[in-house]
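Contents: one structure, followed by commentary.
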Amino acid sequence: MLVKIQSRSYIDDYGMLVDGPRPYVHMFESGIVPITNRMKVDPVIQIRALWMDSNAKVTCDIADTDQKKRIGLQSYTHLEDDHGLYFPYPGCSDVKFHQGSVPFSLDLIFLRDGRVAKLEIGTKVGSTELWSCKDCDGVIEVNSGYCDTNKVSEGDRLIVWAYSSSDIESYRKDRHAIQVELKAQLDNLEYRSRVTSLMHSILGEEYYGKK
């Protein structure tokens, strides 16, 4: 399960929870962290990938269990624009993907250390081909044409924001506080534009503006 943990040492970080007698989280940035009673562990419900050198962005559901990874997009009838499915892999994993019974063509974005490591563009429905990547820590599946439209290339830098239910609630409260402050600064259009742009880029339209 993809989770976020909060403690005195780790704030707003996330990784893969490994359950057992001594549960731990394989953090994507900082290695292995044993779970202790002082840590708060929240399931991640969605991620948002933002390209650092372009306006490309994609909001993703998460395939964070073995079963979800096996099913992938085969349970979807379609994807909305700028939406996809994110497959997290802790550490350096060798992965293989296939079209299976997904009823629409895909672009596959293989990730490694915050960069696009490899691309597979325009898969064919019904194909039995396998697409693989070595030393991978994540994969994003999107609609075919996404990479061409957004000029996604191997080597691109991106960041991944992980959202739990508590994150979304906090963002909504923060947005309310910002709106209150903005009412007191209606003449400061530059400030208002900057804050609005930031909220849009981080949260996306699906969260920005919801009450």
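Considered as a group, the residues in the stretch 118-129 that are assigned to a strand (DSSP E or B) and either at pLDDT below 95 or not aliphatic (A, V, I, L, M) (or both) include one that is nearest to Gln99 (Cα to Cα), and that residue is Glu120.
For the stretch 56-82: of the residues being assigned to a strand (DSSP E or B) and either in the same structural domain as Val25 (by TED's automatic domain parsing) or in contact (Cβ under 8 Å) with a residue 60 or more places away in the chain (or both), which is nearest to Gly15 (Cα to Cα)? Result: Ile62.
Has the stretch 104-112 got at least one residue that is among the charged types (D, E, K, R), at pLDDT below 95 and either touching a Leu at 6+ places or on another chain (Cβ under 8 Å) or not in a strand (DSSP E or B) (or both)? Looking through the stretch 104-112, none of the residues is among the charged types (D, E, K, R), at pLDDT below 95 and either touching a Leu at 6+ places or on another chain (Cβ under 8 Å) or not in a strand (DSSP E or B) (or both). The requirement of being part of a loop (DSSP other than H, G, I, E, B) and closer than 29 Å to Met27 by Cβ is not satisfied by Gly100. Against the conditions (1) assigned by TED's automatic domain parsing to the domain that holds Ser127; (2) assigned to a strand (DSSP E or B), Asp53 satisfies every one except (2). Of the residues making up the stretch 70-92, those that are of a type outside the set (Phe, Trp, Tyr) and closer than 16 Å to Ile109 by Cβ are Gly72, Leu73, Leu79, Asp81, Asp82, His83, Gly84, Leu85, Pro88.
Would you check which residues across the stretch 17-49 are hydrophobic (A, V, I, L, M, F, W, C) and either free of Cβ contacts under 8 Å to residues at least 60 places away in the same chain or surrounded by fewer than 18 Cβ atoms within 10 Å (Cβ to Cβ) (or both) and list them? Write out each step before concluding.
Of all residues in the stretch 17-49, those hydrophobic (A, V, I, L, M, F, W, C) come to 17-18, 25, 27-28, 32-33, 35, 39, 41, 44-45, 47, 49.
Passing the criteria: Leu17, Val18, Val25, Met27, Ile32, Val33, Ile35, Met39, Val41, Ile45.
The values are calculated or read from the model by the stated rules, or taken from the named source; none is laboratory data. Just so it is clear, the structure is predicted and the values come from calculations on it, not from any experiment. All Cβ positions, glycine included, derive from the backbone under ideal geometry; neighbour counts span all protein chains shown.
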